[in-house]
Structure formats: structure tokens, C-alpha cells
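First the structure, in the form of C-alpha cells, and then the observations on it.
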Amino acid sequence: MSLISADAGRVRGEIQVEKGHLNAIGGTHGGWLSTLVDVGGSLAIASHGFNTTGVSTDLSVSFLAASGEGSTIVFDAQVLKMGRTLAYTRVDIFNNDKMIATGSHTKFVAKETRQEKE
């Protein structure tokens with residue numbers, strides 16, 4: 001995985017689909033795309049200066065189109081709301097500018113600490 005951009009509350013990155021990311025019929029595995037929603041949402045929260053990003057309370061993914069081995073997947077993760085105890089994120093996943101999945105990820109962040117500014 002490599003990052004394309006990172007700003008406070010928004011992270012974009014890309015990753016190549018490899019053979020180990022495929023399901024039994026050769027498409028990108030839904031569990032792998034769900035993991036990308038989890039990681040992407042966590043990175044978006046971390047971009048607010050958190051050392052750790054809490055624990056998941058909810059994760060939902062809708063699969064919209066297929067992709068396969070060799071595809072370059074781009075994800076766009078953003079924090080929709082950062083509350084005192086919960087952070088809400090959305091992660092959109094694309095293959096060649098076509099959205100193939102979209103997910104929401106909620107995390108409990110009340111006990112997390114922000115990084116000290118140097």
C-alpha cells in the first residue's frame with residue numbers, strides 16, 4: 001500500500017490486487033476490501049494526530065462492482081465526524097475511476113491520545 005495524499009481527516013492511497021487477495025472465482029475478495037475499509041478509516045482518524053485509533057464498533061461495506069488480479073485499487077478515506085467518544089468514517093474504493101465498494105467505519109476513540117506537536 002502506498003499513500004497518495006494525507007490531510008487532516010482525509011487519506012488517499014492505492015494498492016495492487018494480488019493473487020492472495022482473490023476469492024474462489026477470481027474476483028477481489030470482499031473480506032480483503034472490508035479490511036481496506038477498516039485500515040483506511042483508521043488512517044483517516046490517525047491523520048487528526050492520534051497515536052492510536054481506538055476500536056471498531058461498526059463496519060459496513062457495500063460491494064458495487066468487481067475487480068481482479070492486477071487491478072490498482074485506490075481508496076479515499078475521510079472522517080465524517082469526530083466526536084468525544086466516537087469517530088465516523090467513510091471509505092470509497094475505486095478501480096480505474098469506477099467505484100467498486102463503499103464502506104462506513106465507526107470507532108470508539110474516547111481513550112485515545114493525540115500526538116504532542118513538536
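Structure values in brief
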item	result
Selection count, region 17-41, where residues are at pLDDT 95 or above and either open to solvent by less than 20 Å² (accessible area, probe 1.4 Å) or more than 23 Å from residue 106 (Cβ to Cβ) (or both)	5
Test result for residue 66, closer than 22 Å to residue 1 by Cα, hydrophobic (A, V, I, L, M, F, W, C) and more than 13 Å from the chain's Cα centre (by Cα)	yes
Qualifying positions in region 14-49 - in contact with a Ser or Thr (Cβ under 7 Å, 6 or more places away or on another chain) and closer than 18 Å to residue 80 by Cα	38, 41, 42, 44, 45, 46
Residues satisfying the stated conditions in region 73-96, i.e. among the β-branched types (Val, Ile, Thr) and more than 15 Å from the chain's Cα centre (by Cα)	85
Extreme residue, least open to solvent (accessible area, probe 1.4 Å), among residues of region 1-16 that are closer than 27 Å to residue 57 by Cβ and hydrophobic (A, V, I, L, M, F, W, C)	11
Test: residue 63 is of a type in the set (A, V, I, L, M, F, W, C), touching a helix residue (DSSP H, G or I) at 6+ places or on another chain (Cβ under 8 Å) and over 13 Å from residue 88 (Cα atoms)	yes
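The values are calculated or read from the model by the stated rules, or taken from the named source; none is laboratory data. Everything quoted here is computed from the prediction, not taken from an experiment. Neighbour counts run over all protein chains shown; Cβ positions are idealised from the backbone, glycine included. Each accessible area value is taken on the protein alone, full model and side chains, heavy atoms only, with ligands, DNA and RNA left out. Shrake-Rupley method; radii C 1.70, N 1.55, O 1.52, S 1.80 Å.
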